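Before any comments, here is the structure.
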Amino acid sequence: MSDDHRPMIECQAVQKYYGDYHALRGIDLAIREGEFFSLLGPSGCGKTTLLRTIAGFEGISSGAVLIDGKHMEDVPANKRPTNMVFQSYAIFPHLTVAQNVAFGLRRDPRGKAEKTALVEDVLKMVGLSGYGGRAAHELSGGQRQRVALARALILKPKVLLLDEPLSALDRKMREQMQVELIKLQRQIGITFVLVTHDQEEALVMSDRIAVMFEGEIAQLDGPEALYARPANRRVADFIGVMNFLPARILAETDEGARVEVAGLGEVELPRAQISRANPEDEGVMVGFRPETMTLMGPGQIHYQTRETGATIDEVVYYGDMTYYDLRLDGSARLDGRPRTVRISMRNVFGRDVQDVGTRTQLAWSPGSLVLFR
Amino acid sequence: MSQRSFEGSGLRIYAILYLLFLYAPIALLPVFAFNSGTIIAFPLQGFTTDWFAQMSTNSTLRRALGNSLTIAVSASILATCLGIFAARATTRFEFPFKGGIMGLIMVPMVLPEIIVAMSLLVVLLGAGLQLSILTVIAGHTLICMPYAIAILSTAFSSLDKSLEEAAYDLGETRWGAFRLVTLPLVMPGIISSLLISFTISLDEFIIAFFLAGNEPTLPTYIFSQLRFPKQIPMIMALGTVLVVLSIVLLAIGEYFRRRGIARISGKDSGGFQ
Ligand SMILES: Nc1ncnc2c1ncn2[C@@H]1O[C@H](COP(=O)(O)OP(=O)(O)O)[C@@H](O)[C@H]1O
Ligand SMILES: [Mg+2]
C-alpha cells in the first residue's frame, strides 16, 4: 500500500464525551482507500466508539470525520457510504437469509428478478449459495456472520466497518474466517475497518493497525513495524511477548546510543531501534522478542553476533515450540535484581529439549534490541 | 419440593381448601346457568338454555355489552399504543428522572382503584366534563397502562439494540427501521398487551361505576341486577360467558407473550409455526 493513496476516512482531532467520560481524546487518523485497517486495543479503550462515530451512530463532541473527502457532520448513518457488521451480527430473526441480505435493496429501483440474482451472487461470494431460504435461527455462528457480511456488502459501500466480527466464533472457525475475510477484501477491494482486541488477529489481517489505549492512538503502523519496533512499552506489552531488561545510557548522539544492558553488556543501538517510553515508566529498558535469540546446545549453530552465559530456570513444552525461562549471568548488575527472560525455540528434528538447571549460552544480536527510554 | 413434605402436615388439606374456595364458586356459575330453577340452590331442577336466550333478548344488557366492548377495545388500544412509546423509551434511552417517571406510570397498578376513581371523578366534574363512556375509556386506559408497559418492556428489552441500528445502517429511515424490524419482533408482546388490557377493562367495576354517568357497562349492569332475584339465573349465564371469554383471551395473550420471548431469544420456536 503506497502513501500516494488518498485517504478514504479522515479523523481530525476527534473528541467524544459521554457525559463527563472522555471516551475519545483527540483521534487523528487517515485510513487509505482499499486498505485493511484495524483498530486494536484492550476492552474499553474506545474502539467501538470510534467505529460508531465513523458509521454515524455516535455524534462527536469536537473535531471532524471525513469520508471520501466529504465532511460527515450532517450526514446521518443511513446516508453514509459505510456499512457495518455488528458484533452480535444483528441478523433480523423474522426474515430469511435472502430477505436479510436483500434488506438494504428496498429503496433500490431495480427489478425483482435483478435483485434476486444480486442476492444470490452476494450469497455465493460469502460461501452461502443455496442458503437463501433458511430462517435466521437455523444458522450457525459462522453462517450468521456470513449473512451479516453479505447484507452489508450488497450495498457496495465505500467502507465496511466490522466490530469484533470474529469474537463469538470458536478458534478453528475464527482462523478460517480470518483468511476468508482477507481474501474477500482483496477480491472486492473496498476499505475494511476492523475493530479487535485480539493482537494476533490484527497482525494476521491488517495492512495497518492503530493501537489504542484510553481513547488515544498509541501507535499507527504496519504489522511488522508494530511488532518489531513498538513505539512504547505499553504497545510492546500488548502485542506479543516482549522481554525487558534494565539498561543505562552511556552516550547518545544523533545516530544512536551506546547502552549498557543488564545481562547483555554494552551495545550500540541506532536511532531506529530507540523508542519513546511512556512518561510513567520506571526507567530505561531494553526489550526483545523471545524468538530473536538462540539457545545454544550440542551441535547448535547460529548466525548471531554475541553470546551470553545463562541458566535454564523453567521449560514449557508446546509441541511445536519450547519456551525457556533463562536467568542471565550478570543480569543483576544494574539494580541488584536478577532477571529471567523468555526465549522460544522451534522444536526441530535433532534438537533436544533441554533440562531445567542446565548451564547454557544464549546467542543474540544487537539488531533485535529495542531501547525504551 | 417433594410431595412427602406435605403429608401429615395439614398443608395439603389447606392447599385443597384454598383451591376449592378459589374455584368452586366459578365452577358453580355454569351449573346454575343451565339449571331450570329460578332459585340458586341445590337440588338442581333440570337442564335449560332459557337463561342464555333471555340474555340475548335483553336490550339493557345488549347496550351494556356494546358499551363494555367499545370501552375495552378503545382502552386496550390506547394503553398499548402509549405503552409502546413508554416501553421503547425506557428500554432504549437514558433520560433524567427516568426511574421516577417510570415509577409514577406504574403506580396505578398498586394504587387502590377507589382512589383513582374518586379523584378522576372530582377532576372531571370540576373541569365541567360530561360523564360518558369516554371518561370510562380514559380511566381504563390509565389503569391498563402499567400492565401494558410491563408486558411491552419485556418484549422490547429482550430485543437486541443493534437490530434497529442495522436496519438504519442499511439505508432505512428511523421510522422504517422501527416498522420493518422492531415492530414485527415485538408484535407478540403487542397482541398480548392488547388482550390483557381488554380483559382488565371488560370486567372493571369501580371506575366504570363512578365515571360512566347513566351508561351501563357489563359489570355495573350485573351489579344492578343482583337486587332482583328473578334476574339471577340470567346473570349466571352471563357470568359463564364472561368466564369462558376471559380464559380464552388470557390464554391467547400468554401464548403470544411466550412466543415473543422464544422468538427473540433465538430459541427454537418451530413447534409453534
Ligand atoms: N453510550 C455510552 N454511554 C456512556 N459511556 C459509554 C457509552 N458507550 C461506551 N461508553 C464508555 O466508553 C468507553 C469506551 O467504550 P467502547 O468504545 O465500547 O470500548 P471498546 O470497544 O474499545 O471495548 C468505555 O469505558 C465505555 O464504558
Ligand atoms: Mg467494543
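The values are calculated or read from the model by the stated rules, or taken from the named source; none is laboratory data. Since the model is a prediction, treat every value here as computed from it, not as a measurement. Please note: Cβ atoms are built from the backbone with ideal geometry, for glycine as well, and neighbour counts cover all protein chains shown.
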Requested in this report: Could you pull out the residue among A:A55, A:A64, A:A90 that is small (G, A, S), more than 16 Å from ligand 2 (Cβ to nearest atom) and either surrounded by 20 or more Cβ atoms within 10 Å (Cβ to Cβ) or assigned by TED's automatic domain parsing to the domain that holds A:H197 (or both)?
Outcome: A:A64
Query raised in the report: Conditions: (1) away from ligand 1 (no atom under 13 Å from the Cβ); (2) within 14 Å of chain B (Cβ to nearest Cβ). A:A55 meets all but one. Number of the miss?
Result: (1)
Query raised in the report: When the residues of the range A:9-38 are filtered to those that are more than 20 Å from the chain's Cα centre (by Cα) and over 14 Å from A:I217 (Cβ atoms), which remaining residue is surrounded by the fewest Cβ atoms within 10 Å (Cβ to Cβ)?
Result: A:D20
Report task. Output yes when any residue across the range A:233-240 is modelled with pLDDT under 90 and loosely packed, with under 15 Cβ neighbours inside 10 Å, and no when none is. Result -> yes
Query - Residues (crowded, with 18+ Cβ neighbours inside 10 Å and more than 30 Å from A:V65 (Cβ to Cβ)) located in the range A:136-158 - result: A:A136, A:L139, A:G142, A:Q143
Query raised in the report: What residue, of B:V136, B:V107, B:V116, B:V122, is part of a helix (DSSP H, G or I), in contact (Cβ under 8 Å) with a residue 24 or more places away in the chain, β-branched (V, I, T) and surrounded by fewer than 15 Cβ atoms within 10 Å (Cβ to Cβ)?
Result: B:V107
Report task. Of all residues in the range A:159-172, count the ones that are more than 14 Å from chain B (Cβ to nearest Cβ), crowded, with 16+ Cβ neighbours inside 10 Å and either assigned to a helix (DSSP H, G or I) or more than 16 Å from ligand 1 (Cβ to nearest atom) (or both). Result -> 1
Report task. Look at A:G44 and say whether it is within 16 Å of ligand 1 (Cβ to nearest atom), surrounded by 16 or more Cβ atoms within 10 Å (Cβ to Cβ) and closer than 21 Å to A:I217 by Cβ. Result -> no
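Check B:T173, B:T199 and return the single one that is hydroxyl-bearing (S, T, Y) and touching a residue at least 24 places away in the same chain (Cβ under 8 Å).
From the options B:T173, B:T199, the qualifying one is B:T199.
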Requested in this report: Return the residue satisfying two criteria in turn: it lies in the range A:2-28 and is in contact with a strand residue (DSSP E or B) (Cβ under 6 Å, 6 or more places away or on another chain) and either β-branched (V, I, T) or part of a loop (DSSP other than H, G, I, E, B) (or both), and of such residues it is farthest from ligand 1 (Cβ to nearest atom).
Outcome: A:H5
Report summary line: Exactly one of A:E252, A:E224, A:E260, A:E214 is surrounded by fewer than 16 Cβ atoms within 10 Å (Cβ to Cβ) and farther than 30 Å from A:T49 by Cβ, and that residue is A:E252
Query - Residues of the range B:76-123 classified as over 26 Å from B:L194 (Cβ atoms) and among the acidic types (D, E), total - result: 1
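What residue, of A:T48, A:T53, is over 15 Å from A:A210 (Cα atoms), among the polar types (S, T, N, Q) and not in a loop (DSSP other than H, G, I, E, B)? Outline the logic, then answer.
Details: A:T48 fails: over 15 Å from A:A210 (Cα atoms).
Only one candidate qualifies: A:T53.
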Query raised in the report: Quick one: is A:G240 under 26 Å from the mean Cα position of the chain (by Cα), assigned to a loop (DSSP other than H, G, I, E, B) and under 21 Å from A:W364 (Cα atoms)?
Result: yes
Query raised in the report: Within the range A:73-87, how many residues are within 14 Å of chain B (Cβ to nearest Cβ) and in contact with a strand residue (DSSP E or B) (Cβ under 9 Å, 6 or more places away or on another chain)?
Result: 10
Requested in this report: Kindly check whether there is at least one residue in the range B:199-206 that is of a type in the set (V, I, T) and in contact with a Ser or Thr (Cβ under 9 Å, 6 or more places away or on another chain).
Outcome: yes
**Report entry** Total residues in the range A:117-147, condition away from chain B (no Cβ under 14 Å) and either among the hydroxyl-bearing types (S, T, Y) or in contact with a strand residue (DSSP E or B) (Cβ under 8 Å, 6 or more places away or on another chain) (or both)
**Finding:** 4
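Just need a number here: residues in the range A:17-48 that are in contact (Cβ under 8 Å) with a residue 60 or more places away in the chain and within 14 Å of ligand 2 (Cβ to nearest atom).
Final tally of qualifying residues: 12.
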Report task. Take A:I31 and decide whether it is more than 10 Å from ligand 1 (Cβ to nearest atom) and either modelled with pLDDT under 95 or within 14 Å of chain B (Cβ to nearest Cβ) (or both). Result -> no
Query raised in the report: Can A:L226 be described as away from ligand 2 (no atom under 16 Å from the Cβ), out of contact with any Phe, Trp or Tyr (no Cβ under 7 Å at 6 or more places or on another chain) and within 14 Å of chain B (Cβ to nearest Cβ)?
Result: no
**Report entry** Inter-residue pairs, beta-carbon under 6 Å, first of a type outside the set (G, A, S) and in the range B:62-90, second not in a helix (DSSP H, G or I), 6+ apart
**Finding:** B:N67/B:E215; B:N67/B:T217
